[in-house]
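Every number in this text was worked out from the coordinates using simple rules, so none of it is lab data. Note that the coordinates shown come from a computational prediction; the quantities given were computed from them, not determined experimentally. Cβ coordinates were reconstructed from backbone atoms using ideal geometry, including for glycine residues, and neighbour counts include every protein chain displayed.
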Amino acid sequence: MDLPNFTKVEIVMVQPEAADHRKLAHIRATSNPAIQPVLYLVKVYLEKPLPVTGSGYALYLGDERIPKYNGFPGGIYFDVLDPAVLERHRGQPIRFRTDLQEFVESTANLPAIPVSTLEASGQASLPTKSDALQK
């Protein structure tokens, strides 16, 4: 399987959208009362677009499947609401799985959440998701 190489992976904090606020409320109520109202956007830059296929490719952080990812100019992205997920998978490989159940390894690993991002002065200063995907 000839999938494109990952050229860069970055984590960007953005303002949560309406549906994200409902999910954040659920996370606060069930597992993490201290969770901040922030959406972590994981942008995976690809050297070329993914090949078109009828069955698509499953995306994984280590051995955990990312249930949904989307495209943006330059690559793919996925959303994470709970920073514990990012910490749990920090340094682990980002990889695809084909319909044949074979993992396609990459040279990309999930980075740490940038320190400057953690020190953001508030949700209002964060970019919107659409703004972050334009860059």
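Numerical summary
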{"quantity": "C-alpha long axis of helix 18-30 to longest principal axis of the chain, angle in °", "calculated": "80"}
{"quantity": "Long-range amide H partners of residue 46 with built H, under 5 Å", "calculated": "7, 75, 76"}
{"quantity": "Relative contact order for region 1-79, counting Cα pairs under 8 Å that sit 6 or more residues apart, in percent", "calculated": "34"}
{"quantity": "GNM flexibility winner over the chain from 12, 80, 104 (Cα, springs under 10 Å)", "calculated": "104"}
{"quantity": "Cα lying deepest toward the dipole's positive end in region 6-121, options 36, 56, 7, charges on Cβ", "calculated": "36"}
{"quantity": "Derived scalar couplings ³J(HN,Hα) [region 48-63; Karplus, 6.51 cos²θ - 1.76 cosθ + 1.60; whole Hz; x for Gly, Pro]", "calculated": "7, x, 5, x, 6, 8, x, 9, x, 10, 7, 9, 10, 9, x, 9"}
{"quantity": "Vicinal HN-Hα couplings computed from phi for region 69-82 (Karplus, 6.51 cos²θ - 1.76 cosθ + 1.60; Hz; Gly/Pro x)", "calculated": "9, 9, x, 9, x, x, x, 10, 8, 9, 9, 9, 9, 9"}
{"quantity": "Protection proxy ranking of 51-63, 33-45 - average other beta-carbon atoms within 10 Å, highest first", "calculated": "33-45, 51-63"}
{"quantity": "Surrounding net charge for residue 65, when Lys and Arg each add one and Asp and Glu each subtract one, Cβ distance under 12 Å", "calculated": "+1"}
{"quantity": "Cα principal axis extents for the chain, largest first, Å", "calculated": "43, 31, 26"}
{"quantity": "Least to most buried among 26, 89 (fewest other Cβ within 10 Å first)", "calculated": "26, 89"}
{"quantity": "Residue order, fewest to most beta carbons within 10 Å, for 78, 6", "calculated": "78, 6"}
